[in-house]
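Working notes, beginning with the structure itself.
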Amino acid sequence: MTDEDYMRLALDEAHLAAEEGEVPIGAVVVCDGEVVARAHNRRETDRDPSAHAEFSAMCAAARALDRWRLTGCTVYVTLEPCIMCAGLMVNSRIDRCVYGAPDPKGGALGTLFDVSHDERLNHEFEVRSGVLQQECADELRTFFRERRAKKKAASVVSEMSASEMTASEMTASEA
C-alpha cells in the first residue's frame, strides 16, 4: 500500500470522529506494512485532553506490539500533529510521520515548530506532509462549517423564543 492508501484509512477514522461529534481527525499506525492501530479524536467523548487521534493510535500500537518503542512504525494522521503528539512521536521513536493538512494554529512538525528534527532531542524522524491534503482539510472545513450553521440556527431559535415570550408577556400585561 502507498502513503495515500494509508491516509485514506486515517480519513475513514476522521469520518467516524465526525459522526460522533468529535473534531474529524483520524490516524493509523503502520509497522512492517501492517496496520497495527487505528484511532480518531475522542477528547469530548472520553473527556480526556490527550485523546488526540495520533496519540491514541500510538498508545494502541504500543499495546498491540507489546513494546513502547515504535521503531519501524509510521504514523499517518489527517492533521499535522500538535506539540504533545509530536513529543510522543519523539519519545516512542517512530520512523516516520505522514500527515495530510498543515495546522497553522498548532502544527509541531514544521508549521509552528519542528519537533521531528530538533537536534536537542534524543530522536529525529522523517516527515512527509500534504498527503491527500485537500481531502483532509475539506473534512475539517465541512465539520466546522456545519457546526457554525447549527450554532447559528440554535441562536436564531433562541432569539425567536425570547421575542415570543416578550410578546406574550406584553399581551398578558395588557389584559
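Are there any trypsin sites (Lys or Arg not before Pro) in segment 75-108 that are in a DSSP loop and have at most 14 other Cβ atoms within 10 Å? List them by number.
Of the trypsin sites (Lys or Arg not before Pro), the ones in loops of segment 75-108 whose Cβ has at most 14 other Cβ atoms within 10 Å are Lys105.
Among the chymotrypsin sites (Phe, Trp or Tyr not before Pro) in segment 57-119, which ones are in a DSSP loop with at most 13 other Cβ atoms within 10 Å of the Cβ? Mind listing them?
Details: sites: Trp68, Tyr76, Tyr99, Phe113; in loops: Trp68, Phe113.
Here the sparse-neighbourhood loop sites are Trp68.
In nm, to one decimal, how far is the modelled label at Glu119 from the one at Arg145, with both set 7 Å along Cα→Cβ?
So the two model labels end up 4.5 nm from each other.
Classify segment 85-136 as rounded, prolate or oblate from the Cα gyration tensor: take a ≥ b ≥ c as the square roots of its eigenvalues, call it rounded if a/c is under 1.5, otherwise prolate when a/b beats b/c and oblate if not.
prolate
Based on the alpha-carbon gyration tensor of segment 1-130 and its eigenvalue square roots a ≥ b ≥ c, which shape applies: rounded if a/c is under 1.5, prolate if not and a/b is larger than b/c, or oblate?
Here segment 1-130 falls in the rounded category.
Restricting attention to the alpha-carbon atoms of segment 49-115, what are Rg (one decimal) and Dmax (integer), both in Å?
Spelled out, the Cα radius of gyration and Dmax of segment 49-115 are 11.2, 35 Å.
State, as an integer percentage, the relative contact order of the chain based on alpha-carbon contacts under 8 Å between residues 6 or more apart.
For the chain, the relative contact order is 17 percent.
Which angle between 0 and 90 degrees, to the nearest 10, do you get for helix 133-174 versus the longest principal axis of the chain when only C-alpha atoms count?
Taking the Cα atoms of the chain, the angle to 133-174 is about 20 degrees.
Where a number appears in this text, it was derived from the coordinates with a stated rule and is not lab data. Only a predicted model underlies this, so the values are computations on that prediction, with no experimental measurement involved. As a convention, Cβ positions derive from the backbone with ideal geometry for all residues, glycine included, and neighbour counts pool all protein chains shown.
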